[in-house]
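A.B. asks: First the structure, which I've put down as structure tokens, then a few questions once you've had a look.
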Amino acid sequence: MFSRILLLVQDQARRIIHDSLGLPRSAKRIIVILIDACLALAAVWLAFYLRLGAWNYLYGSQWIAALLSLSALPIFWLFGLYRALFRHIGLEALVGIARACFVYAMFYSAVFLLLGVHGVPRTVGLIQPLLYFLALSISRIALGSVLGNMQVRSNRTRVLIYGAGASGRQLASAVIGSREMDLQGFVDDDRLLQRSVLNGKHIYSPSLLPKIVEKRGISDILLAMPSASRKRRGEILDQLRKLNVNVRTVPGLMDLANGRVEVNALRPLDIEDLLGRDPVEPDEALFARHIRDKVVMVTGAGGSIGSELCRQILRTGPRTLILFEQNEYSLYAIDRELKAIETCLRTTLVPLLGSVRDASRLATILDAWRPDTLYHAAAYKHVPLVEENIAEGVWNNVFGTYRTALAACSAGVENFVLISTDKAVRPTNVMGATKRLAELSLQALAEESNETRFSMVRFGNVLGSSGSVVPLFRSQISRGGPLTITHPEVTRYFMTIPEAAQLVIQAGAMAEGGEVFLLDMGEPVRVADLAYKMIELSGSTVKDDNNPDGDIEVTIVGLRPGEKLHEELLIGDDPIETRHPLILKSREAHMSMSEFSAVMLGLEGALERFDTHAIHELLKRAVPEFRSSGVIDLVHMVTQPRSEGRAVRQTAQPERYEVE
């Protein structure tokens with residue numbers, strides 16, 4: 001009870017000082033003069049007490065001592081004491097006070113020592129100026145300290161912590177000790193904690209949040225609920241969206257358990273919190289089946305999915321982990337990261353540069369290390385880029401997959417898992433068509449191979465991967481917008497990179513040969529809704545027709561070539577359940593090896609000639625469900641007019657054939 005009263009008094013005092021700072025300078029000077037007058041009178045009264053040894057009311061001529069003490073005020077004015085800035089009080093200001101008080105003391109003491117006043121002890125003339133100097137110095141230093149602290153606090157970010165449990169207490173200790181944030185209180189759902197005090201700060205009910213945010217000028221809310229379910233976190237975020245505050249969250253449970261909660265460890269809101277789905281714990285038996293104590297290879301090891309596969313594979317304890325990557329820096333980065341992981345001591349890491357298009361390099365590597373399991377994550381995946389570079393997309397995604405699979409067969413690899421995409425289902429772009437053809441290559445090989453089990457894992461967008469919408473939105477928000485979306489109704493499936501990698505490993509462990517595994521991505525997310533939520537939870541407001549003064553606008557830029565409004569995961573309608581609740585499997589129609597070989601032969605010839613129309617037609621023939629808006633390969637668009645010009649010039653003036 002006493003602590004609550006003390007907090008109320010402190011809050012009231014801060015509010016009074018804060019309100020007074022907004023007054024005109026002349027009004028603030030009058031307040032200081034009144035305070036100095038009160039201190040002068042108090043010094044007189046205390047001087048009488050020290051001289052007489054008792055508290056007495058002033059009477060008669062003793063009031064002369066009180067009235068003469070006010071003569072200090074014009075002296076102080078002449079010395080410029082009321083022009084000083086109290087929040088910057090220092091030694092020079094104290095010297096100025098001492099000089100003014102010395103002049104005042106000479107006058108005041110002379111009246112009582114030399115002239116004398118009946119009823120006033122002479123020593124009061126000496127004691128009062130000394131007490132007054134001490135009172136003035138202490139008051140100036142104290143006020144300067146308070147104002148300085150208030151200035152520092154005003155420059156800090158005012159925050160609330162949502163969650164008054166163990167993680168909230170750890171976070172509060174870090175915030176209180178920081179110079180960047182000013183903790184204003186806690187919010188908690190537990191009614192038993194509400195209206196209590198923790199670390200000198202009130203614990204409020206969530207229903208009071210709008211009022212507290214407005215009254216205290218809160219700019220950030222820190223979520224300290226790492227053990228809360230995604231559903232509950234989603235409900236809290238929906239509540240916070242309209243408060244125009246920036247929402248950040250604490251690290252994971254392991255960091256909290258190890259006491260590593262620091263202000264600089266706070267991170268932007270995990271966008272998966274907006275998806276409202278709790279992750280399913282991995283099946284350890286499935287997870288370890290094709291990894292523990294085995295030789296494992298990952299192609300595209302430096303990419304978003306490939307690197308996460310490597311992290312999770314390493315923690316499972318393979319004997320050897322081969323990192324195969326064509327980008328030198330990406331390979332260097334993932335190799336260095338993995339070597340810093342403690343479990344790396346039990347595993348031999350093999351970082352290898354190379355391309356999946358290089359059949360000779362693949363054969364040499366696979367023959368040297370003889371992997372038990374191979375995860376093929378190497379691919380070109382950005383829809384617009386592959387659309388504009390059709391030949392490279394086919395070389396890498398189709399021929400790269402096929403050559404890697406052939407090398408795996410020759411080396412006796414037991415398990416081959418292809419990382420596929422939802423864009424391979426009824427594709428409308430070249431990237432999706434090449435990934436579907438890559439799937440068909442493995443399904444054809446699965447019919448021929450008795451040693452290598454081929455399987456494919458198909459899923460949608462992964463949050464935070466290179467080129468995905470979430471990092472793009474974050475970057476656009478940091479620049480003040482606008483956020484660009486292709487269509488107001490476009491939807492996508494989303495999954496976190498770690499969850500996707502876990503499910504890929506477990507799906508591959510259930511393969512018998514030729515299956516397409518489908519990851520349950522949850523409900524599709526409307527990208528426009530995701531954009532609005534990210535804006536609002538960053539502490540900004542959406543600028544639109546209803547709110548023309550908002551902070552960040554969402555702009556519709558139109559669907560890109562080959563882009564769908566809605567993605568799919570299944571070609572047929574007969575998915576089969578597996579032992580894992582988030583993994584389905586399907587056996588889909590596919591080509592025979594002879595049919596596939598004919599397609600590859602035709603594609604190779606077209607690629608060698610760089611005949612983009614032929615490549616496009618062969619893709620449509622191999623993947624009948626492929627619907628395309630035409631060839632937009634950048635090289636083709638530049639060279640085609642030239643070739644047409646050559647043909648026209650040759651026909652019109654054969655004797656003057658020129659290249660234009």
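A.B. asks: Can you compute 3J(HN,Hα) from phi for each residue in the range 203-212, using the Karplus curve 6.51 cos²θ - 1.76 cosθ + 1.60 with θ = phi - 60°, rounded to whole Hz and x for Gly and Pro?
C.D. replies: Per residue, the Karplus-derived 3J(HN,Hα) values read 10, 9, 7, x, 5, 8, 4, x, 5, 5 Hz.
A.B. asks: Long-range amide H contacts for residue 198: which residues qualify at under 5 Å (H placed 1.01 Å from N, peptide plane, sequence gap of 5 or more or a different chain)?
C.D. replies: The list, which skips near neighbours in sequence, is 203.
A.B. asks: Also, quick follow-up: Which net charge results when you count Lys and Arg as +1 and Asp and Glu as -1 among the other residues whose beta-carbon is under 9 Å from that of residue 550?
C.D. replies: Taking every other residue near residue 550 into account, the sum is -3.
A.B. asks: If you don't mind, there's one more thing I want to ask. By how many nm would the segment from residue 337 to residue 208 grow when fully extended, if each residue of separation counts as 0.36 nm and the alpha-carbon distance is taken off?
C.D. replies: 42.0 nm
A.B. asks: Hey, another quick one. Compute the FRET efficiency between residue 544 and residue 178 as 1/(1 + (r/R0)^6), taking r as their Cβ-Cβ distance and R0 = 35 Å, and round to the nearest 0.05.
C.D. replies: That gives a FRET efficiency of 0.45.
A.B. asks: Let me ask something else about it. List the trypsin sites (Lys or Arg not before Pro) within the range 428-525 that DSSP assigns to loop and that have no more than 15 neighbouring Cβ atoms inside 10 Å.
C.D. replies: Answer in residue order: 479.
A.B. asks: Let me ask something additional. If a/c stays under 1.5 just call it rounded; otherwise compare a/b with b/c (prolate if a/b is bigger, oblate if not). Do that for the range 536-632, with a ≥ b ≥ c from the square roots of the Cα gyration tensor eigenvalues.
C.D. replies: Oblate, since a/c reaches 1.5 and b/c is not below a/b.
A.B. asks: Could you check the simple spin-label distance between residue 553 and residue 640, using points 7 Å along Cα→Cβ, in nm with one decimal?
C.D. replies: Output for this residue pair reads 3.4 nm.
A.B. asks: Explain nothing, just compute: Karplus ³J(HN,Hα) = 6.51 cos²θ - 1.76 cosθ + 1.60, θ = phi - 60°, for every residue of the range 408-422 in order, whole Hz, x for Gly and Pro.
C.D. replies: Those phi angles translate into 5, 4, 5, 8, x, 5, 7, 10, 10, 10, 8, 7, 10, 8, 5 Hz.
A.B. asks: Excluding residue 395 itself, what net charge comes from residues whose Cβ is under 12 Å from its Cβ, given Lys and Arg +1 and Asp and Glu -1?
C.D. replies: In short, -2.
A.B. asks: Can I ask one more? What ranking do 221-228, 64-71 get when scored by the average of other Cβ atoms within 10 Å per residue, highest first?
C.D. replies: 221-228, 64-71
A.B. asks: Rank the residues 320, 404 as a footprinting-exposure proxy: fewest other Cβ atoms within 10 Å of their Cβ go first.
C.D. replies: Least crowded to most crowded, the residues run 320, 404.
A.B. asks: Can you list residues from other chains, or at least 5 along the same chain, whose modelled amide H is less than 5 Å from the amide H of residue 370?
C.D. replies: Amide H to amide H, under 5 Å and 5 or more residues apart or across chains, residue 370 pairs with nothing.
A.B. asks: Given axes a ≥ b ≥ c from the Cα gyration tensor, I'd like to know whether the range 170-250 is rounded (a/c under 1.5), prolate (a/b larger than b/c) or oblate.
C.D. replies: Rounded shape, in that the Cα axes give a/c under 1.5.
A.B. asks: Oh, and also: Going by how many other Cβ atoms sit within 10 Å of their own, how do 107, 48 line up, fewest first?
C.D. replies: Lowest to highest Cβ neighbour count: 107, 48.
A.B. asks: Highest mean first, how do 595-607, 524-536 rank when packing is the count of other Cβ atoms within 10 Å averaged over residues?
C.D. replies: Ranked from most to least packed, the peptides come out as 524-536, 595-607.
A.B. asks: Which cross-chain or sequence-distant (5 or more) residues have an amide H under 5 Å from the amide H of residue 162, H modelled 1.01 Å from N in plane?
C.D. replies: Amide H to amide H, under 5 Å and 5 or more residues apart or across chains, residue 162 pairs with 187, 222, 223, 224.
A.B. asks: Grab the beta carbon distance between residue 587 and residue 95, set R0 = 60 Å, and tell me the FRET efficiency rounded to 0.05.
C.D. replies: The formula returns an efficiency of 0.10 here.
A.B. asks: Oh, and also: What size of dipole, in debye to the nearest 20, comes out for the range 567-639 about its Cα centre when the only charges are +1 on Lys and Arg C-beta atoms and -1 on Asp and Glu C-beta atoms?
C.D. replies: It comes to approximately 80 debye.
A.B. asks: So if each residue of separation counts as 0.36 nm, and I subtract the Cα-Cα distance between residue 137 and residue 169, what length gain in nm does that give?
C.D. replies: Computed gain between residue 137 and residue 169 is 7.7 nm.
Quick note: the coordinates plus some simple rules give every number you see, no bench work behind them. Not measured: the values here are computed from a predicted model. Positions of Cβ are backbone-derived with ideal geometry, glycine not excepted, and every protein chain shown enters the neighbour counts.
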